[in-house]
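The values are calculated or read from the model by the stated rules, or taken from the named source; none is laboratory data. What you see is a predicted model; the values in this text were computed from it and never measured. Here the Cβ positions follow ideal geometry from the backbone for every residue, glycine too, while neighbour counts run over all protein chains shown. Side chains included, ligands, DNA and RNA excluded: accessible areas come from the protein's heavy atoms. Shrake-Rupley method; radii C 1.70, N 1.55, O 1.52, S 1.80 Å.
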Amino acid sequence: MSFVLVEKSDRIAWITLNRPEKLNALNNDVLKELEQVFADLEHDAEVGVVVVTGAGEKAFVAGADISELKSLDSASARVQALRGQAVFQRIEAMPKPVIAAVNGFALGGGCELALACHIRIASENARFGLPEVSLGIIPGYGGTQRLPRLVGKGVALDMILSGEMTPAADALRMGLVSRVVPQAELKAAAEKLAKTVLSRGPLALRSALAAVHEGLEMPQEQGLQYEAALFGLLAATQDMQEGMGAFLEKRTAQFKGL
Ligand code: COA
């Protein structure tokens, strides 16, 4: 059985974490498959946007698999954290937009997976949390680093130290997600957003992702230089000519990624 389903349609790759009987918990097999799927999609010219979601109505991903974590010792736990981090790092570094369509519990590694995606939209029943301290551990797949960068240190520490779950409406208010929709509309909303993104210049999308991600790791002055360099490179593309030409000619742009 495959734990990670991939379905491609209209340049969108739909990735479904598929272990519903365990609320899509991330065991090592799931992590391995997830990494391979993203490695393949990165170079798949037929795919422009990736959407990640969970199988079933209840969970996006309820965390790393606790039954696997329990047997770790000090050395193997560190390796495990690095392993999970590497998979999520690959997702965050994808040169094409990755949307998390969070359809239920996004806890622990599930919340961290959503944090590694570029855009998060959630169904009204979604609940976010980093409950690791209740297990005597801390988030190990990037949560202590990505959450404070996204929502600020105070709110992140509230979530990390309390281990409490945050409902979708509160996640929206704090900027943890950018859109919330009724559960029955999540897929359609994710598809609409994916199609909107797909209609934009692909080289511009790639550069925007690089500018934001890499720029955030730099002092602002250096980030501004980087932004200007990417802006300059885009001016040499056919896509820019097409985008601006289409605007001036009052027609829809047909980008080629050139
Ligand atoms: N790892 C391993 N198994 C998990 C899991 C996880 N992170 N999360 C859920 N499961 C399993 C349960 O053990 C249960 O398996 P079983 O039917 O064989 O007993 C199954 O998924 C369904 O979960 P259950 O707890 O019965 O559902 P619930 O609706 O009562 O509760 C949650 C849902 C999400 C509140 C609860 O499953 C939970 O707290 N999960 C752990 C969350 C967590 O701590 N994640 C961080 C891990 S580092």
### Query
Could you give me the ³J(HN,Hα) list for the stretch 53-62, computed from phi with Karplus coefficients 6.51, -1.76, 1.60 and θ = phi - 60°, whole Hz, x at Gly and Pro?
8, x, 6, x, 9, 9, 9, 6, 8, 8
### Convex hull volume per residue for the stretch 1-151, taking Cα atoms only, in Å³
109 Å³
### Message
Can you give me the angle between helix 74-92 and the longest principal axis of the chain, using Cα atoms only, in degrees from 0 to 90, rounded to the nearest 10?
### Response
20 degrees
### Task
Determine the sum of side-chain charges near Ala122: Lys and Arg each +1, Asp and Glu each -1, restricted to other residues whose C-beta is under 13 angstrom from that of Ala122.
+2
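Once the Cβ-Cβ distance between Gln183 and Leu150 is put in as r, and R0 is 22 Å, what FRET efficiency do you end up with, to the nearest 0.05? Present the calculation step by step, with values, prior to reporting the outcome.
Details: r = 23 Å, r/R0 = 1.06.
According to the calculation, E is roughly 0.40.
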### Query
Taking only C-alpha pairs under 8 Å that are 6+ residues apart, what is the relative contact order of the chain in percent?
15 percent
### Query
Where only protein heavy atoms count, and the probe is 1.4 Å, what is the accessible area per residue for the stretch 26-71 in Å²?
46 Å²
### Query
If you plug each phi of the stretch 106-115 into the Karplus form 6.51 cos²θ - 1.76 cosθ + 1.60 with θ = phi - 60°, what whole-Hz ³J(HN,Hα) values come out, in order, with x for Gly and Pro?
10, 10, x, x, x, 5, 5, 5, 4, 5
## Note on the structure
Residue by residue through the stretch 185-196, the couplings from Karplus 6.51 cos²θ - 1.76 cosθ + 1.60 with θ = phi - 60°, in Hz, x for Gly and Pro, are 9, 4, 4, 5, 5, 5, 5, 4, 5, 4, 5, 4
### Accessible area of the chain belonging to carbon and sulfur atoms, whole % at 1.4 Å probe
57 percent
#### Entry: Spin-label pair Lys250/Met218, simplified geometry with 7 Å Cα→Cβ offset, distance in nm
4.0 nm
### Query
If you project the alpha carbons of the chain onto the principal axes, what extent comes out on each, in Å, largest first?
60, 41, 33
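Can you give the accessible area per residue of the stretch 79-235, in Å², using a 1.4 Å probe?
On the way: 7560 Å² over 157 residues.
Ligands and nucleic acids excluded, the figure is 48 Å² per residue.
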### Lysine pairs meeting the criterion (Cα under 26 Å, 8 or more apart or interchain), as found in the stretch 78-221
4
